1. Mind listing just one residue for me: the one in the range A:344-359 that is surrounded by fewer than 10 Cβ atoms within 10 Å (Cβ to Cβ) and among the polar types (S, T, N, Q) and, of those, nearest to A:ILE197 (Cα to Cα)?
2. Do we find that A:VAL368 is surrounded by 12 or more Cβ atoms within 10 Å (Cβ to Cβ), within 11 Å of chain B (Cβ to nearest Cβ) and at pLDDT 80 or above in this structure?
3. For A:TYR268, work out the one condition from (1) within 17 Å of the chain's Cα centre (by Cα); (2) of a type in the set (Ser, Thr, Tyr); (3) under 23 Å from A:PRO312 (Cα atoms) it doesn't fulfil.
4. Tally up the residues in the range B:100-118 that are part of a loop (DSSP other than H, G, I, E, B), farther than 14 Å from B:LEU158 by Cα and touching a strand residue (DSSP E or B) at 6+ places or on another chain (Cβ under 8 Å), please.
5. B:PHE57 passes all but one of (1) under 34 Å from the mean Cα position of the chain (by Cα); (2) loosely packed, with under 10 Cβ neighbours inside 10 Å; (3) more than 9 Å from chain A (Cβ to nearest Cβ); which number fails?
6. For the range B:31-43, how many residues meet the condition of being more than 8 Å from chain A (Cβ to nearest Cβ) and charged (D, E, K, R)?
7. Could you figure out which of (1) crowded, with 16+ Cβ neighbours inside 10 Å; (2) at pLDDT 85 or above isn't true of A:PHE299?
8. Return a yes/no flag: does the range A:21-40 have any residue that is among the β-branched types (Val, Ile, Thr), closer than 18 Å to A:ILE98 by Cα, surrounded by fewer than 18 Cβ atoms within 10 Å (Cβ to Cβ) and more than 17 Å from the chain's Cα centre (by Cα).
Amino acid sequence: MELTSTVFTAKAIYVGVIFAITLGVAAYSTYFERIFAAFFQDRVGPDRAGPFGILQPLADAVKMFMKEDFIPANSSKWLFILGPCLSMFTALMTSAVIPFGDTIDLGNGVKFDLQGIDVNIGILWVFGIVSLGVYGILVGGWASNNKYSLLGAIRAASQNISYELAMGLSIISILMMTGSLSTKAIVEAQQNGHWNILYQPVGFILFIICAFAECNRTPFDLPECETELIGGYHTEYSSMKLGFYLFAEYINMFVSGAVMATLYFGGYDYPFYETVVNSFGENVANFIGFGALIGKALFFVFVFMWVRWTLPRFRYDQLMNLGWTGLIPIAMFNVVWTGLIILLPAEFNLSSLASIGIAIAGIPVLIVGLFIYHSIAGGKKKKTALAR
Amino acid sequence: MKLSNRTKVLEQEELTLAERIYLPAIAGGMLTTLKHFFQKPVTIRYPEQKRYLGPVFRGHHILKRDQNGAERCTACGLCAVACPAEAISMVAEERKKGEETLYREEKYAKVYEINMLRCIFCGLCEEACPKEAIFLRHDKMVPVFNDRNEVIFGKDKLVEKMDDRYLRDGWK
């Protein structure tokens, strides 16, 4: 009884901390998005609210709450309210299965995992929840009773479905290497520097592209394409309902950063782990690991912003073309090549260095394959037919 | 028909493989933006930081005094005539005995008013003035006013203070 209550309290505290971190990161992502946008454009950015403008998220929140909360007359009211709630809900649910750190020893032999729940279908859970997330947009867009909202919502839905295929295929390669769907097992297989990015460079590129599309971020932010759709699915939204949609987007960014760190960058693994364990003990080392994962996730948030202020938006047909005829075939190639990466070292007793070599050799093979395909099938295409 | 020989025929070539993969171009673009990320911002934070507007900027009006401190304006009204916005009005007065140190000419402006809502800062008053009495300062702007009563600037705001004289580079 004593044991379970300790674990229960620790779990409750942990969930609260993760919740707070997620919300805090999301709130400050809005601030850093504007600051980074300014830096990328040689400007200063928001610096009036508090020192360096660090109170800007508070000011934004106050502004959001003070705005008139408007519900269109002919909308379906309950669905209209449900939309942003669903978006927020699903965004917050995903982080439950991400292992933010290794086991912490609470004393008295009580071990505590820095992870919400270690389910054996961890990565499927992430997928399921992320796919649910699009319902928030879809329901909101539908309930608004507005053509532009509906078009934006349809775009979001079809885009998410298209890119989920390529994303799933790129994850299959990870699953082949790990042999488990559990996020914890995936991270543990990557300890001591055997990060999946070394074995899955192509898979990672596919995954990050799909993550951009899943989060509706530039260059794939067509659901909220201002020039065509006014505000997209949130055209009719105002006040904190709009705030929830925007907030959910930033939470999704952070969570997908954490997922990428978990799947490809060793999760909470970091160099010199053994040295830290020997000199400061395991708990300190694992807390540093927790920080390492947050740091990796934040780095990906930065990459999201970096890409946003670099690349222009895709056209809708380009988006679909890239997803279906570009990413999915490459992802399939990657699955096959992963088979080689697993099979060849096992067959000939090669070291892990050799499998990294095979993985990297996959890139030129892929490019040669693309070149052959390009000269046979795509060779007649003129420049005008493509993205410029 | 060819109007000039500067026409360029654009050959629409096939995209190379590197272009079709997109990623090299994206990496190049991201490097460019990263370079800008570390550059100094070009922003001038306006209310705190003001840039020099040049020696020919036309700002706050000033009614000059001569080197002895006597007002130069003789209330001839040429500035008011020249003013396209009809912003200037004045009342003339004859100089009394003993006021020679105050006013340079035998006639002076008892009241001299510029309506700052009308003024378009064209500088025609400055050009029209035969006594070199009115100028538009290059170093000072008309301050913001929040009330209609503050709009008309009288002599108290326009006449030059002897302890804070306005001198242009060319006059020195």
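1. The qualifying residue nearest to A:ILE197 (Cα to Cα) is A:SER351.
2. No: the conditions fail for A:VAL368.
3. A:TYR268 satisfies every listed condition except (3).
4. Filtering the range B:100-118 for residues part of a loop (DSSP other than H, G, I, E, B) gives B:100-102, B:104-106, B:116-118.
Now drop any that are not farther than 14 Å from B:LEU158 by Cα, which leaves B:100-102, B:104-106, B:117-118.
Then keep just the ones that are touching a strand residue (DSSP E or B) at 6+ places or on another chain (Cβ under 8 Å); that gives B:102, B:104, B:106.
Within the range B:100-118, residues that are part of a loop (DSSP other than H, G, I, E, B), farther than 14 Å from B:LEU158 by Cα and touching a strand residue (DSSP E or B) at 6+ places or on another chain (Cβ under 8 Å) number 3.
5. So B:PHE57 meets the others, but not (2).
6. Result for the range B:31-43: 1.
7. (1)
8. no
The values are calculated or read from the model by the stated rules, or taken from the named source; none is laboratory data. Predicted model only: the values in this text are computed from it and were never measured. Don't worry about glycine lacking a Cβ; one is built from the backbone with ideal geometry, like all the others, and counts go over all protein chains shown.
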